[in-house]
Amino acid sequence: MQAVRWKEKPIISAALVIINVIVYIICTFTGNLLYNMGRSDVTDILVYKEYGRLVYSLFLHGSFGHLFNNMFILFFLGTMIEKEVGHIRYMVIYFLSGVGGNGISLLAKLFNGDLSGSIGASGAIFGLDGVLLAMVLFFNGRMENVTPIRVVLMIAYSLYSGFTGMNVDNAAHVGGLLTGFAAGVIMCIVERGRTGGTAFEH
């Protein structure tokens, strides 16, 4: 019973939020130190081969508003998805989406000659949107009040907000969304073959 109870807790989502908040607090006392060490940009990653920045940048946020918006959505979506797919798969998809989003962002910057850096968890969070869309389209399990049209509208609104906003890395958003959707489709196909598509085993 205790093991089942732990499986239903959003452990990874909560841990990600806590780590992001702690890193932001550290950044308020260390100035640009962590930003310089962790931002995702063409020069540091492709020239100096500091590939860890593809992950480090997911934990950096430029303002309290940036942090709050991302963490609110992360915990809301994360709690829902983590309960369905399990802690390990959820964590893998989260980081895969974040790295995928940063990778697409780097390609877009390279193409445009943009040497600016990017920070934030939004690429990974858009990946969760993609996973949720894959789940409602390709898996027979049911999540209360979650329908394809609602997920599509949520994604459309999020993308619209990004494209009409200032200083937003929309390539990372789109890249994370596509990566998460692709990973979600693969996950659903594999799980349907194992369980018949009634519930995720974890």
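Taken together, the values in this text are just the output of simple stated rules run on the coordinates, not laboratory data. All values reported here derive from a predicted model rather than from experimental measurement. Quick reminder, even Gly has a Cβ in these numbers, built from the backbone with ideal geometry, and neighbours come from all protein chains shown.
List of remarks:
- Scanning the chain for GluC sites (Glu not before Pro) in DSSP loops with at most 15 neighbouring Cβ atoms within 10 Å leaves 9-143 as the longest stretch between them.
- Distance between modelled label sites at Arg192 and Lys9, nm, 7 Å Cα→Cβ extension: 3.4
- With the helix formula -39500 (n - 2.57) applied to DSSP H stretches of n ≥ 4, the chain reaches a computed 222 nm mean residue ellipticity of -23500 deg cm²/dmol.
- Residue (of Gly117, Gly180, Val136) at the positive-pole extreme of the chain, dipole from beta-carbon charges: Val136
- For Ile186, the shell of other residues with beta-carbons less than 15 Å away shows a net charge of +2, using +1 for Lys and Arg and -1 for Asp and Glu.
- Cα centre as origin, Lys/Arg/Asp/Glu Cβ charges: the chain dipole, Debye: 360
- Taking 28 Å as the straight-line reach from the Cα of Lys9, the lysines in range (excluding those fewer than 8 positions away in the same chain) are Lys83.
- Hz values of 3J(HN,Hα) by residue in region 106-119 - Karplus curve (6.51, -1.76, 1.60), Gly and Pro given as x: 4, 4, 5, 5, 4, 5, 8, x, 9, 9, 6, x, 10, 9
- Net length gained if the chain between Thr79 and Phe163 were fully extended (0.36 nm per residue, minus Cα distance): 27.6 nm
- Estimated inter-spin distance, Phe64 and Asn145, nm [label 7 Å along Cα→Cβ]: 2.9
- Of all lysines in the structure, those lying under 30 Å Cα to Cα from Lys49, and not within fewer than 8 positions of it along the same chain, are Lys109.
- Only Cα pairs under 8 Å and 6+ residues apart enter the sum, and on that basis the relative contact order of region 2-195 stands at 25 percent.
- Ordering Phe76, Phe29, Gly103 by Cα displacement along the dipole of region 2-195 toward the positive end leaves Phe76 in first place; charges were set at the Cβ atoms of Lys, Arg (+1) and Asp, Glu (-1).
- Using distinct alpha-carbon pairs, which all enter the 1/r mean, Kirkwood radius of the chain in Å: 17.3
- Descending by average beta-carbon neighbour count within 10 Å, the peptides 169-175, 31-37, 125-131, 102-108 line up as 125-131, 169-175, 102-108, 31-37, the highest first.
- In nm, spacing of pseudo-spin labels at Tyr51 and Ile88 (7 Å Cα→C-beta vector): 2.3
- Most fluctuating residue given options Tyr48, Tyr24, Tyr90, as computed from a GNM of the chain linking Cα atoms under 10 Å: Tyr48
- On Cα atoms only, tilt of 170-195 relative to the major axis of the chain in degrees: 20
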